[in-house]
Amino acid sequence: MLNFDWISHIDIGAAKFIVSLSFLLPLIFAMTLKKEYIYSGAKDMKLWRNLKLWIALLSCIMLILYFLF
């Protein structure tokens, strides 16, 4: 069986920081993508096709839910 006793020694603040960072890393990655890559293969460059918009929205929702509960 798996033994997770080591994780009980991690501070709650440090654990929240690690989880928050795991939500923010995809956001940082998406923000560094070039516009040509985001819209490659798209017929038009409409706003709803922008990956940066969606990843920012989803990251904010996940962080808000995480800090509320």
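No value in this document is a laboratory result; all are computed from the given coordinates. Note that the coordinates shown come from a computational prediction; the quantities given were computed from them, not determined experimentally. Reconstructed Cβ throughout: ideal geometry from the backbone, glycine too, with neighbour counts over all protein chains shown.
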For this session: Hand me the chymotrypsin sites (Phe, Trp or Tyr not before Pro) from the range 1-37 located in a DSSP loop with no more than 12 other Cβ atoms within 10 Å, in residue order please.
Result: Phe4
Exercise. Using Cα pairs under 8 angstrom and six or more residues apart, how large is the relative contact order of the chain, in percent?
Worked result: 33
Problem set entry | the chain: Cα Rg divided by the 2.2 N^0.38 Å rule of thumb | 1.55
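Counting helices only, and only those DSSP H runs with n ≥ 4, report the 222 nm mean residue ellipticity of the chain as the sum of -39,500 (n - 2.57) divided by its residues, in deg cm²/dmol to the nearest 500.
Calculated at 222 nm, the ellipticity per residue is -19500 deg cm²/dmol.
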For this session: Using 0.36 nm per residue of separation minus the Cα-Cα distance, give me the extension gain between Ile64 and Lys34 in nm, one decimal.
Result: 8.1 nm
